Structure formats: C-alpha cells, structure tokens
1. Once every DSSP H run of n ≥ 4 in the chain is given -39500 (n - 2.57) and the sum is divided by its residues, what mean residue ellipticity at 222 nm do you get, rounded to the nearest 500 deg cm²/dmol?
2. In degrees, nearest 10, range 0 to 90: what is the angle between the Cα axis of helix 91-102 and the longest Cα principal axis of the chain?
3. Under a straight-distance cross-link criterion of Cα-Cα below 21 Å, which lysines are reachable from residue 101, leaving out those fewer than 8 residues away in the same chain?
4. What list of ³J(HN,Hα) values in whole Hz, one per residue of region 52-69 in order, does the Karplus curve 6.51 cos²θ - 1.76 cosθ + 1.60 (θ = phi - 60°) give from phi, with Gly and Pro shown as x?
5. Quick query: amide H of residue 50 versus all other amide H atoms, modeled in the peptide plane; which residues come in under 5 Å with a sequence gap of 5 or more or a different chain?
6. Starting from the amide H of residue 21, placed 1.01 Å from N in the peptide plane, find each other amide H under 5 Å away whose residue is 5 or more places distant or on another chain.
7. Tally up the carbon and sulfur contribution to the accessible surface of the chain as a whole percent, 1.4 Å probe, everything protein left in place.
8. Using each residue's phi in region 155-165, evaluate 6.51 cos²θ - 1.76 cosθ + 1.60 at θ = phi - 60° and report the 3J(HN,Hα) Karplus result to the nearest Hz, with x for Gly and Pro.
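The values are calculated or read from the model by the stated rules, or taken from the named source; none is laboratory data. This is a predicted model, so every value here is computed, not measured. Positions of Cβ are generated from backbone atoms using ideal geometry, with glycine treated the same way; all protein chains shown enter the neighbour counts. Only protein heavy atoms, including side chains, enter the accessible area calculation; ligands, DNA and RNA are left aside. Shrake-Rupley method; radii C 1.70, N 1.55, O 1.52, S 1.80 Å.
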Amino acid sequence: MDVRESVQEAFIKRFGKPADLLVRAPGRVNLIGEHTDYNDGFVLPMAIDRSVWIALRSRIDRRVLISSMEMETPGDFLLDDLHKDGSDWFEYLKGVAWALKEDGYKLQGWEGVMSSDVPVGAGLSSSAAIEMATARAFAQVVGFEWDPVRMAKAGRKAENSWVGVSTGIMDQMASAACQAGHALFLDCRSLHYENIPMPDGISVVVLDTATRRGNVDSGYNERFQQCQTAAHFFGVKALRDVSPQELIEKGKGLDEVVYRRARHIVTEDKRVLDAIDAMHAGYVDKLGQLLDASHVSMRDDFEITNEALNIMVSIARLQPGCYGARMTGGGFGGCAMALVDAGKAENFSTTVAHDYQAKTGLTPSVYVCYASQGAEVVV
Ligand code: GLA
C-alpha cells in the first residue's frame, strides 16, 4: 500500500468516515545554490517524489484535529486561540495557521491524518513539506487561491517565528511552486521564479549518508551571521550585491574566515546562473562540473560538509556515468546528490551504496528521484 492509500485508510480508522480531500506537498533536493537564499541570491531546487500527505475533511467550526502516522501525539488546536505550546511536530501546522492569519486569511477548521515519506533531518526539507501541505489544506478548505509565493512566505514565517528555526525561503518555494519534470530557478530577492525543464536522459540520485546534522542551528546561524558581517563590510544589503571582481578587489580587509564564507556565496550565485545557461543549452557535462565546484566550495570555503558527505561525493565521482555530485541542503550531515546518466543510474546506485558502506561502516540510502509537482490537491 502506498502512502496515499494508507493515509486515507488511517483517516477512516480515526474519524469513522472517508476523507473528502487529499493534499500532498513534496520535499526537495537542491541541485545548486546553497546558503544563497538568505543572501538574496539564486537557487535551483527540484521537488522530489517524497512528500507529506494529508487526508482531511473540513469542519464547520474553527478547530484543527490532526494525527500523524509517524508520530504518537495527535494535535488539536483552535484557530482563535493559537499559542505555542512545546515543540511537538504539530507546532509546524499551528505556525502555518498563525502565519496565514497574520497575512489576512480567514481560516476554517478541518480534521486530518498526515503521513510523510520525506526522511527527517536529511536535508530534503521535510518541514517545508509539512508547512506547504498544511497551507494547501487550508487553501482548499477555505477556498482561497494557491499563491505559491504568499504560501511560501507564510511557511517560512511559521518556521522562523513560530517554530524558531532560521531558514531562507528556498525549501518552501520549491515545495509550493515546482512543476513535474522541472527544477525551479528562483531569485530569492524578487521571488521571481522560472520552471526549468530537467535535461533528458539524466537521473538525479539522492545519496543519504545516514549521518544527521548534530547541532545544525548553531552552524547555520553562524554562517548566517558571517554572511551579514561580510555584506556590512562591503556596504551592501546582501552578498548578492557583491560581484566576484569586487570580492577580490575589496575583500582584502575582511577576516580570513568571513572572506571564505563570502567567497562561497558570491561564487555560488554565479554557478547557479551558469547552471541555468548549461541547462538551457543542454550541456550536462558543464552542469556536472558546476555541481563539483559547488561541493568543493562548501567543503573548503563555507565548511558545511562532514567527512561522510565528502566520502560519499568522492565515491560518486569515481563511477561511470556520473556528471557531478555535491552535498545538498543545509549541510553538516544528511544527503548528497549526483547527476547520473539515466541508463547507468541503477548500477551507480548499487556500487555507491556498497562502496560507501565498505568505507564508512554506515548504511546509506541511495535512490533515484523524480522531479515532482509542487503542493497540490490530489482528490
Ligand atoms: C536549509 C534552509 C534553506 C537553505 C538551505 C541551504 O535547507 O532551510 O533555506 O538556506 O538550508 O541552502
């Protein structure tokens, strides 16, 4: 039974009648453009075929009842009396309800069962998927139009101000606005986006190292601060406004570590733009080289990879048919990804999983993933 069926069955068990709606919102893998989102820069994520699903039924009152097939404690909250209450998983849902209300939406209650096959803490945006599935549920129950940018902003606000985790807007935008078969080129300043077709004959392989970020927030927040310091030094709003030339000419006075952080962001923005050109032109080799360069920059300048990620990426790069590989997401553990010739993806996956396990003693998850549709109503 797949998630879509089991979540509907679980709904009947819990509420005694069938759900009348099923929504889903995907996780994402980022192809390139890491930590550039909160620097007003460019990103290129792709929604994956791993999602959060919610089977639901609207209520006439203003109460939300939600259970999860993966979590024990069910959530129950009133839309007129939202307050943060501990750190249970359903705080994400409350946070989204709060953020939508703050944005002026009039909400209505519903009851639902949620299930997710997006791995948690792997850098594939399981929380953004919960946020966008929740927003999709509210949009459908209340009957407001799905505005991906507004919804992504609400999701980010829930994450930053309600749950209390600092993030940019990439994950929510990917989950809200991607199209099947496409990656999402997003300008994180204007929030203008374009759906870019994925090249033919290429598989995106997710390489989960089975390591999880430890105290990720401190590392993430520290990078955020260092980027702010660098932007301040250059006298600009965000590092997006610094060109590679300016970085070299004016960056001398910066602290050495902060300089390297800035260099990652400035060069990564350029790599995203080059990646878009490569995709439009069908230059997969070039795209692969940009991915490789991105990994080196994250390893040496931004310092957000761990040993497992570096080992995974170097094993992937040795395999026939691999165009490029890099860690993906926030970093400090989690997943890498590789662009692989579709005909070789199966052998690639088996060999990489085997060699990684032999080298590290860790059991990875390696799977081909497909560019899926962003948040949607399924029935
Ligand atoms: C996390 C954050 C995103 C982004 C990435 C790094 O996934 O949620 O906003 O900053 O890290 O690119």
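1. -13500 deg cm²/dmol
2. Orientation of helix 91-102: about 80 degrees from the principal axis.
3. By straight Cα distance, residue 101 reaches 84, 153, 157.
4. 9, 10, 10, 8, 8, 9, 6, 10, 7, 9, 10, 10, 10, 10, 9, 10, 10, 6
5. 27
6. Long-range HN contacts for residue 21: 56.
7. Percent of accessible area from carbon and sulfur atoms in the chain: 48.
8. With the stated coefficients, region 155-165 comes to x, 5, 4, 4, 5, 6, 9, 9, 6, x, 10 Hz.
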